[in-house]
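Some notes on the structure that comes next.
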Amino acid sequence: GAGVSQSPSNKVTEKGKDVELRCDPISGHTALYWYRQSLGQGLEFLIYFQGNSAPDKSGLPSDRFSAERTGGSVSTLTIQRTQQEDSAVYLCASSFADQPQHFGDGTRLSIL
Amino acid sequence: RKEVEQDPGPFNVPEGATVAFNCTYSNSASQSFFWYRQDCRKEPKLLMSVYSSGNEDGRFTAQLNRASQYISLLIRDSKLSDSATYLCVVNLRTPGGKLIFGQGTELSVKP
């Protein structure tokens, strides 16, 4: 498709389970970003991939969070041993060169 | 102190009103600036980039004052469809780099 694609759109899981969220960026975009937005909060940066460079992981809130980007395209954000405070909308964005970032629809994650 | 601060609102205005949003940022090294719009339960969408010289897009005017580390957005002749949360966003680098978002200012335009 033409935009950033994220899956699943909604995910409900039990506390303690692992989850994987997927992002498929806009074709040709070299940069990929993960953010999250908790209820009533602003967007919080998590991690940033740029080409083949080492990712900027400075926003990951704990070592339960990790992300990878395979082949410079699709990215997976993994949350291990989920906690209730992980409940949020996880947003992926991509960009090219100095162009602004474009966001996907997000994955709404609910931890029971 | 938050890196990007906005008045959370809500701003409740009648159709046709002019409304102004203000934003301040704390890092003087910030390089690029944007206003995004976010509708309820939707993803943020780029409204406009903000340049030092000021820029206008139809009813929307954005201003940047680097000396004061202040960004503004002016909406003229507001429409019902302008109702949304407006996010002030800065980037420490250009190109690329993480975006730092303000909390957003909620706007509600009433008939």
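What follows is calculated from the coordinates using simple rules that are stated; it is not laboratory data. Only a predicted model underlies this, so the values are computations on that prediction, with no experimental measurement involved. All Cβ positions, even for glycine, are placed from backbone atoms using ideal geometry, and neighbour counts span all protein chains on display.
What is the range A:1-110's relative contact order, in percent, from Cα pairs under 8 angstrom and six or more apart in sequence?
Computed over the range A:1-110, the figure is 37 percent.
Modelled label-to-label distance, residue A:110 and residue B:77, 7 Å Cα→beta-carbon offset: nm?
Taking the two extended label points, one gets 4.3 nm.
Could you tell me how far the Cα centroid of the range A:1-29 sits from the Cα centroid of the range A:46-90, in Å?
Each part reduced to its Cα centre gives a spacing of 11 Å.
What is the spin-label model distance, in nm, from residue A:66 to residue A:39 if the labels are put 7 Å beyond Cα along the C-beta direction?
Computed distance between label sites residue A:66 and residue A:39 equals 3.0 nm.
Give, as a single signed number, the net charge of other residues whose beta carbon lies under 12 Å from the beta carbon of residue B:32, with Lys and Arg counted +1 and Asp and Glu -1.
Summing Lys/Arg as +1 and Asp/Glu as -1 gives +2.
With N set to the residue count of chain B, report its C-alpha Rg divided by 2.2 N^0.38 Å to two decimal places. Please list the in-between numbers first.
Working: Rg = 13.4 Å, N = 111, 2.2 N^0.38 = 13.2 Å.
That works out to 1.01 for chain B.
Per residue of A:88-101, count partner chain C-beta atoms within 10 Å of its C-beta, then hand back the mean as an integer. The partial results should precede the final answer.
Numbers: counts 0, 3, 0, 2, 1, 4, 0, 4, 2, 3, 8, 4, 11, 10.
The mean count of partner-chain Cβ atoms within 10 Å per residue comes to 4.
Please compute, for peptide A:29-36, the average count of beta-carbon atoms on other protein chains lying within 10 Å of each residue's beta-carbon.
2
Computed over the Cα atoms, what is the radius of gyration of the protein assembly as shown divided by 2.2 N^0.38 Å, N being its residue count?
For the protein assembly as shown, the normalised Cα radius of gyration is 1.03.
Give me the count of lysine pairs in chain B whose alpha carbons sit under 21 angstrom apart, restricted to pairs 8 or more positions apart or on different chains.
Close lysine pairs found across chain B: 7.
For the range A:30-76, how big is the tail of P(r) above 18 Å, as a whole percent of Cα pairs? Don't skip to the end; give the middle numbers.
Working: 315 of 1081 pairs.
Across the range A:30-76, Cα pairs with separations above 18 Å total 29 percent.
Over chain B, what is the relative contact order in percent, taking alpha-carbon pairs closer than 8 angstrom and at least six residues apart?
Answer for chain B is 37 percent.
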